[in-house]
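Below is one structure, written out as structure tokens; comments come after it.
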Amino acid sequence: MTHLDVFFGSRTGTAKELASDLANKASKRGVVVLLKEMNEFDPTHFDDDELDSYYSPSRATVFVVSTHYAGPAPNAEMFVQWLRFNLNWRHLFRNKRKKAFARLQYAVFGVGNSTYLTYNAMGKLIDARLHALGATRLCPLGLGD
């Protein structure tokens, strides 16, 4: 892997801290790293065939996300809404997007507290939705407690 995109959704800063730590460690190993808030993820990349080289086998994307009151952290709300919209079974572009999302190799790490009923709800949702869109899961969903 030569490139790593790390996106985080964090309310209290824990997910951001973990994402930053991952980005720093990867960078020290010579990996080109992009670290951004989850709402900065640009799904339109998957509509452009010219970006085939961007989403190459040597690029991975990691999402580090917390659950805030059973929903996404504020800086992940737009991304989660976009995921929900694109998995509506009536959505006209579903098949096109599924083919496009096959270029995305991803991993999700949820940051949560197992004493809550909604433990890692956003991590579970994002992992399931990306997989349903046709993205390639690099490893099982990580559930931090």
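Calculate, in nm to one decimal, what Asp145 and Ala128 gain on full extension: separation in residues at 0.36 nm each, minus their alpha carbon distance. Value of the extension gain: 4.2 nm. Can you check what the net charge comes to around Arg11, using other residues whose Cβ is under 14 Å from the Cβ of Arg11 (Lys, Arg +1; Asp, Glu -1)? Value of the local net charge: -2.
Centre-to-centre, using Cα atoms only, segment 130-145 and segment 1-18 are separated by 15 Å.
A short reminder: the numbers here are calculations on the coordinates, not readings from a lab. Please read all numbers here as calculations on a predicted model, not as lab measurements. Note that each Cβ is placed from the backbone with ideal geometry, even for glycine, and that neighbours are counted across all protein chains shown.
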